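Asker: The following block contains the structure, expressed as structure tokens.
The values are calculated or read from the model by the stated rules, or taken from the named source; none is laboratory data. Since this is a predicted model, take the numbers as computed values, not measurements. Note that each Cβ is placed from the backbone with ideal geometry, even for glycine, and that neighbours are counted across all protein chains shown.
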Amino acid sequence: VKARGWTAEALVVREIAYGETSQVVHLATAEHGLVAALAKGSRRPGPEFQGGVPLGAIGEAALVTRRGSDLALLRRFTARADLRGLRADIARFYGAAYVLDLLRAWMRPELPLPHLFRAGTTALRAMASAPPESLPGWVVWFEARALAAGGHRPRLDACVACGGAVTGAAAFSPLAGGVVHEACAPAGPRKAVSGPARRALMRLYAEPLGDLLREPFTAAQIRDVRRVHDLFIPHLLERAPSSLATVPR
Ligand SMILES: [Zn+2]
């Protein structure tokens, strides 16, 4: 059996106890998409795993790919972020659970989505020390980056159906993939979107993080975005993730 060793920055999106002392972990990575790996003896004390690889951890993974096997070997995992804050507060915990849920839904083996990966690690690091009032903003920021990374960036600057300019109130149609005039909206669910709500969505999808942090959204703007994402994300996933019910909002 030919084996190839490599290292990658990784985010643990799933962990399953395996046997008495081992784990199977699913790692999100920037360049290799989702990687399933067996961590032999990871739950024993020792320098390679520090007693186990926790869900949500961000760190450096040393891996060996085995030809003919979908399951790599995880030789070592070294945590590179202090995320203890995510377990110290229930709202942060629920926010992180939702981020991990979306990463599990959208990460695929051998499908590099570096922007999705980076959005996930950035959101978890930020949420680990975020004050409660800023959590809903981090959640909608992550959703927007994840949607864009997956090719689902909604059209917001004009009516998706007719291409005409949108001024004032309009509707968001998940089926159309963006904003439409009320008269143009296809059948199916939609959500009314005011002019200010549409401008908040445009900022969220267009502006770099630094600009958004310098001029943060109001609570009302985040609620406007939340209502659109509450409709759009279950439409794209073809199900409502269970963690959406408890996400900070
Ligand atoms: Zn139209």
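Asker: Starting from the stretch 181-203, take each residue that is free of Cβ contacts under 8 Å to residues at least 12 places away in the same chain and list its partners that are more than 16 Å from the ligand (Cβ to nearest atom), counting only C-beta distances under 9 angstrom and pairs at least six apart or across chains.
Answerer: Pairs that qualify, where the first residue is free of Cβ contacts under 8 Å to residues at least 12 places away in the same chain and the partner is more than 16 Å from the ligand (Cβ to nearest atom), are 199/221.
Asker: Under 30 Å from residue 107 (Cβ atoms), assigned to a strand (DSSP E or B) and not hydroxyl-bearing (Ser, Thr, Tyr): does that describe residue 225?
Answerer: No: the conditions fail for residue 225.
Asker: Only one of 210, 163 is out of contact with any Pro (no Cβ under 6 Å at 6 or more places or on another chain), on the phi > 0 side of the Ramachandran plot and modelled with pLDDT of 95 or more; which?
Answerer: Sole residue among the options that is out of contact with any Pro (no Cβ under 6 Å at 6 or more places or on another chain), on the phi > 0 side of the Ramachandran plot and modelled with pLDDT of 95 or more: 163.
Asker: Moving on to the next point. All but one of (1) more than 20 Å from residue 163 (Cα to Cα); (2) part of a helix (DSSP H, G or I) hold for residue 202, so report the exception by its number.
Answerer: For residue 202, the failing item is (1).
Asker: Next question, about the same structure. With the requirement that a residue be more than 9 Å from the ligand (Cβ to nearest atom) and without any contact (Cβ under 8 Å) to a residue 60 or more places away in the chain, what does the stretch 166-178 give you?
Answerer: Hits for the stretch 166-178 are 167, 168, 169, 171, 173, 176, 177, 178.
Asker: Scan (1) assigned to a loop (DSSP other than H, G, I, E, B); (2) farther than 30 Å from residue 89 by Cα; (3) more than 16 Å from the ligand (Cβ to nearest atom); (4) of a type outside the set (Ser, Thr, Tyr) for the single condition residue 160 breaks and write down its number.
Answerer: (3)
Asker: Sticking with this one: Take residue 146 and decide whether it is more than 9 Å from the ligand (Cβ to nearest atom) and either basic (Lys, Arg) or over 27 Å from the mean Cα position of the chain (by Cα) (or both).
Answerer: So residue 146 does not fit the description; no.
Asker: Give the residues of the stretch 19-45 that are buried (at least 16 other Cβ atoms within 10 Å of the Cβ), farther than 24 Å from residue 114 by Cβ and among the polar types (S, T, N, Q), sorted by residue number.
Answerer: 22, 23, 42
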